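Here's the structure, in structure tokens; my notes come after.
The values are calculated or read from the model by the stated rules, or taken from the named source; none is laboratory data. All values reported here derive from a predicted model rather than from experimental measurement. Here the Cβ positions follow ideal geometry from the backbone for every residue, glycine too, while neighbour counts run over all protein chains shown. The protein model used for the area step is the full one, side chains on, heavy atoms only, and it has no ligands, DNA or RNA in it. Shrake-Rupley method; radii C 1.70, N 1.55, O 1.52, S 1.80 Å.
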Amino acid sequence: MSRYANIRPDMARLWSTLERSAQIGTTPRGGLRRLALSEDDGVMRRQFQAWCEAAGCTMEIDPIGNMVARRPGRDPDAKAVLVGSHLDTQIKGGRFDGILGVLAGLEIVRTLNDHGIETRRPIAVVNWTNEEGARFEPPMIGSAVFTGEKSTQFAWERTDKDGITLGAALEAIGFAGSDILRPEAFDSLFELHIEQGPRLDEQKIQLGIVTGAFAVRGFVVEVTGETGHVGPTPMPKRRNALVGAAHVTLAVEEIGWLMHETGGKSTTMRLKAEPNLLGILPDHVEMTCDMRHPSDEVIRTMMQLFLDRVPELEEKSRCRITVRESWSYGGMTFDPGCTALTRAAAQQLGYTHTDLLTEAGHDAMHVANYLPTAMIFTPCEDGLSHNELENVTLADIEPGVNVLLQAVLARAG
Ligand SMILES: [Zn+2]
């Protein structure tokens with residue numbers, strides 16, 4: 001480890017920034033509702049910008065609102081090391097999901113300032129726009145525009161449930177920037193995040209070294225039946241799309257159970273029924289499903305198992321069942337070099353740690369296909385996340401922040 005191995009972040013200072021963040025968009029149960037590009041997101045972004053500028057950073061904002069606060073390095077030609085995550089939350093979200101990763105990046109900058117440490121590479125603290133996708137779909141759209149996988153125009157045209165476009169929302173809070181942020185201009189990315197699952201907390205392990213990500217397959221199923229009166233229509237003549245949806249839901253669930261011993265999971269997570277009225281048999285249901293597994297090959301098998309069952313589900317429900325669209329992500333491995341830096345820091349600092357895969361989606365998974373990327377997990381209480389009661393203690397996060405600091409220092413030189 002470097003000669004700066006004894007440098008420690010100011011955890012009390014980091015905690016007070018987390019507490020300030022927890023006041024912006026607070027819910028009655030003590031969580032956060034800070035939807036992407038909402039007024040509260042604007043307040044938080046301005047607070048973050050003020051903190052970064054006070055720490056001597058310059059702020060760059062791109063047309064999708066990604067924010068990058070740059071602390072200059074010694075070498076004017078060296079590409080910057082990105083550190084960060086996201087400041088937006090779910091509708092009933094917690095105070096730490098994403099936020100910890102951004103504010104820990106800020107704390108690293110402040111710590112380096114305290115000690116007058118100049119790195120060779122610049123350090124750039126990033127806040128990705130709309131990671132959660134709770135207001136605008138798809139999630140992780142800021143990092144997808146950064147990598148070029150999605151166009152700015154595509155992103156700007158997304159609408160929320162009130163019909164407001166993402167572009168209009170960006171302009172309303174004043175975060176439609178004009179800086180060009182592209183992977184080519186950066187060296188690497190480090191993302192610290194709460195685990196959002198129970199493993200570290202249950203086993204009392206201080207850190208997760210995230211070596212890669214579960215493979216994820218999402219798909220939209222359409223069930224088509226026929227409307228009719230719920231009274232006079234005889235049972236044998238009914239084609240109730242909600243019955244088809246029920247069979248689909250159970251089939252998806254069974255595949256998750258079939259694969260759960262090797263880490264498989266499956267979910268039906270959304271359902272829209274039409275006409276969704278009293279007295280009438282629904283003729284159309286659109287449902288969104290999700291399957292996850294550590295292995296890309298198994299995820300293909302899981303999907304095939306579902307497709308193979310469709311004829312039987314159609315027969316049982318007398319509805320037509322089609323998979324309208326599907327998408328996949330994850331299943332990748334993080335950069336061995338950057339990951340080794342986090343593992344080495346954990347070892348030298350004497351923290352208990354384990355290698356694991358992330359089961360949730362993160363911006364780092366988009367970026368990993370373009371830049372050397374590493375992720376570190378801290379435990380969170382009972383693994384609870386995307387919940388207002390999501391919680392960590394200062395002691396839970398201290399090892400992660402220390403390891404993040406040392407790994408970033410090692411990479412930035
Ligand atoms: Zn997150």
- So, with points 7 Å from each Cα along the Cβ direction, the Asn113-Ala168 label distance in nm works out to 3.8
- Taking the alpha-carbon set of segment 215-330, what are its Rg and Dmax in Å? 15.1, 50
- Please give the length that would be gained between Val323 and Thr249 if that part of the chain were fully extended, namely 0.36 nm times their separation in residues minus their C-alpha to C-alpha distance (nm, one decimal). 25.3 nm
- Note on the structure: Lys and Arg at +1, Asp and Glu at -1: neighbours of Gly212 with Cβ under 14 Å from its Cβ sum to -3
- Item | Angle between the chain longest axis and helix 39-54 axis [Cα atoms, degrees, rounded to 10] | 20
- Message: Could you tell me how far the Cα centroid of segment 338-413 sits from the Cα centroid of segment 1-34, in Å?
- Response: 15
- Query: Considering the Cα trace of segment 308-413, what is its radius of gyration and what is Dmax, both in angstroms?
  - Reply: 20.1, 65
- With a 10 Å radius around each residue's Cβ, average the other Cβ atoms per peptide and rank 133-145, 14-26, 391-403, 87-99, highest first. 87-99, 133-145, 391-403, 14-26
- Note on the structure: Taking 0.36 nm per residue of separation between Arg182 and Ser151 and subtracting their Cα-Cα distance, the length gained on full extension comes to 9.9 nm
- Query: What FRET efficiency, computed as 1/(1 + (r/R0)^6) with R0 = 51 Å and r the Cβ-Cβ distance, is obtained for Glu274 and Asn6, rounded to the nearest 0.05?
  - Reply: 0.20
- Sulfur and carbon atoms: percent of accessible area, the chain [1.4 Å]: 50
- The answer for segment 291-413, accessible area per residue at 1.4 Å probe in Å², is 42
- Message: Projecting each Cα onto the charge dipole of the chain (Lys/Arg +1, Asp/Glu -1 at the beta carbon, about the Cα centre), which of Ala55, Pro198, Ser38 comes out farthest on the positive side?
- Response: Ala55
- Ignoring ligands and nucleic acids, what accessible area does Phe175 show with a 1.4 Å probe (Å², nearest 10)? 10
- FRET efficiency for Ala50 and Lys92, using Cβ-Cβ distance with R0 set to 41 Å, rounded to 0.05: 0.90
- Task: Determine ³J(HN,Hα), in whole Hz, for all residues of segment 309-315 in sequence, where each value follows from phi through the Karplus function 6.51 cos²θ - 1.76 cosθ + 1.60 and θ = phi - 60°; x replaces Gly and Pro.
- Result: 8, 4, x, 5, 5, 5, 5
- Task: Report, by chain and number, residues whose modeled amide H sits under 5 Å from the one on Tyr4, excluding near sequence neighbours (fewer than 5 apart, same chain).
- Result: none
- Extension gain, Asp308 back to Glu261 (0.36 nm per residue minus Cα-Cα distance, nm): 14.8 nm
- Item | 13 Å Cα-Cα reach of Lys92 towards aspartates and glutamates, excluding residues that sit fewer than 8 places from it in its own chain | Glu132, Glu388, Glu390
- Task: Enumerate the lysines that Lys237 could reach by cross-link, defined here as Cα to Cα under 18 Å, with residues fewer than 8 away along the same chain left out.
- Result: Lys316
- Starting from the amide H of His284, placed 1.01 Å from N in the peptide plane, find each other amide H under 5 Å away whose residue is 5 or more places distant or on another chain. Gly225, Ala241, Glu274
- So if R0 is 35 Å, what FRET efficiency would Ser16 and Asp382 give, r being the distance between their Cβ atoms, rounded to the nearest 0.05? 0.90
- Any chance you could give the angle, 0 to 90 degrees and rounded to 10, that helix 99-114 forms with the longest Cα principal axis of the chain? 10
- Message: Binning at 5 angstrom from zero up to the longest distance, how are the C-alpha pair distances of segment 1-152 distributed in percent?
- Response: 2, 10, 18, 22, 19, 14, 9, 5, 1, 0
- Query: How many nm is it between the label spots at Asp335 and Arg199, if each spot is 7 Å from the Cα in line with the beta carbon?
  - Reply: 2.3
- For segment 215-330, the dipole about the Cα centre with charges only on Cβ (Lys and Arg +1, Asp and Glu -1), to the nearest 20 debye, works out at 260
- Item | Ratio Rg/Rh, restricted to the chain and using Cα atoms, in which Rh is the Kirkwood radius | 1.02
- Message: Can you compute the helix-only [θ] at 222 nm over the chain? Use -39500 (n - 2.57) per DSSP H run of at least 4 residues, normalise by all residues, nearest 500 deg cm²/dmol.
- Response: -11000 deg cm²/dmol
- Under Karplus coefficients 6.51, -1.76 and 1.60, residue-wise ³J(HN,Hα) of segment 197-209 in Hz, glycine/proline x: x, x, 4, 5, 5, 5, 8, 6, 9, 6, 8, x, 8
- 0 to 90° range, to nearest 10: angle between helix 241-258 axis and the chain longest Cα axis: 50
